[in-house]
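Engineer: Sharing a structure with you now.
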Amino acid sequence: MLRELHKFLNRAKVEWGRDLSVPYFPNQQEKESFEKLWKTELNTWRSSTAKDTMRAIATGLQKLLKQPNLTREKLDSILRNPKFTVKGITGQFKFNNKTGEREFFFQQQRPDTLIQVQNSKFVKIE
C-alpha cells in the first residue's frame with residue numbers, strides 16, 4: 001500500500017503535508033471492518049465509493065430483471081430515474097437523469113472531506 005501511495009503522490013506531484021479534497025474518507029469502524037475482511041489497510045476513498053456504486057448497480061439489476069429484454073440502456077434508464085435512490089456508505093444519493101453524476105439528497109450529508117499526507121498515510125483534517 002505504501003508503494004501505491006508513493007506512486008500516486010509522484011504522479012500527482014503532491015507534496016507531503018499538502019491538503020487534498022476527496023469525495024469520501026472512511027471512519028475508523030469502516031477501516032477495521034475492511035481490514036478484518038480483506039487483511040489489508042483501507043486508507044482510500046475509492047473502495048467506499050466503489051462499494052456504493054456496486055450497491056447501486058445491484059439494486060438497478062434487481063429492478064431490471066423484472067423486465068423483458070434486458071439491456072444496458074434499460075439499466076442506465078433505471079439508474080437515472082429520479083425516483084431511484086441508494087443508501088450507501090457515503091450517504092443517500094441518486095443519479096442525475098441528464099448527466100448520470102451522483103447527487104446527494106442533502107448538501108450537509110455530502111461526504112467530501114479534506115485529507116493531508118502525513119507519515120506516508122492519508123489523514124482526515126478535522
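None of the figures in this text is laboratory data; all of them are computed from the coordinates on show. Being a predicted model, the structure only gives us computed values, none of them experimental. Here the Cβ positions follow ideal geometry from the backbone for every residue, glycine too, while neighbour counts run over all protein chains shown.
Engineer: For region 68-99, enumerate the residues that are of a type in the set (S, T, N, Q), touching a helix residue (DSSP H, G or I) at 6+ places or on another chain (Cβ under 6 Å) and over 23 Å from Ser47 (Cβ atoms).
Structural biologist: Of everything in region 68-99, just one residue is of a type in the set (S, T, N, Q), touching a helix residue (DSSP H, G or I) at 6+ places or on another chain (Cβ under 6 Å) and over 23 Å from Ser47 (Cβ atoms), namely Asn97.
Engineer: Pairs, please: C-beta under 8 Å, at least 6 apart or cross-chain, first residue under 27 Å from Phe34 (Cβ atoms) and in region 74-94, second of a type in the set (Val, Ile, Thr) and part of a loop (DSSP other than H, G, I, E, B)?
Structural biologist: Correct list of pairs: Gln92/Thr85; Phe93/Thr85; Lys94/Thr85.
Engineer: Taking region 64-85 only, how many residues are among the polar types (S, T, N, Q) and under 27 Å from Phe104 (Cβ atoms)?
Structural biologist: Residues in region 64-85 being among the polar types (S, T, N, Q) and under 27 Å from Phe104 (Cβ atoms): 3 in total.
Engineer: Within region 29-52, restricting attention to residues that are of a type in the set (S, T, N, Q) and loosely packed, with under 14 Cβ neighbours inside 10 Å, which residue is farthest from the chain's Cα centre (by Cα)?
Structural biologist: Thr40
Engineer: For region 22-76, enumerate the residues that are of a type in the set (D, E, K, R) and over 19 Å from Lys124 (Cα atoms).
Structural biologist: Correct list: Lys36, Lys39, Lys51, Asp52, Arg55, Lys63, Lys66, Arg72, Glu73, Lys74, Asp76.
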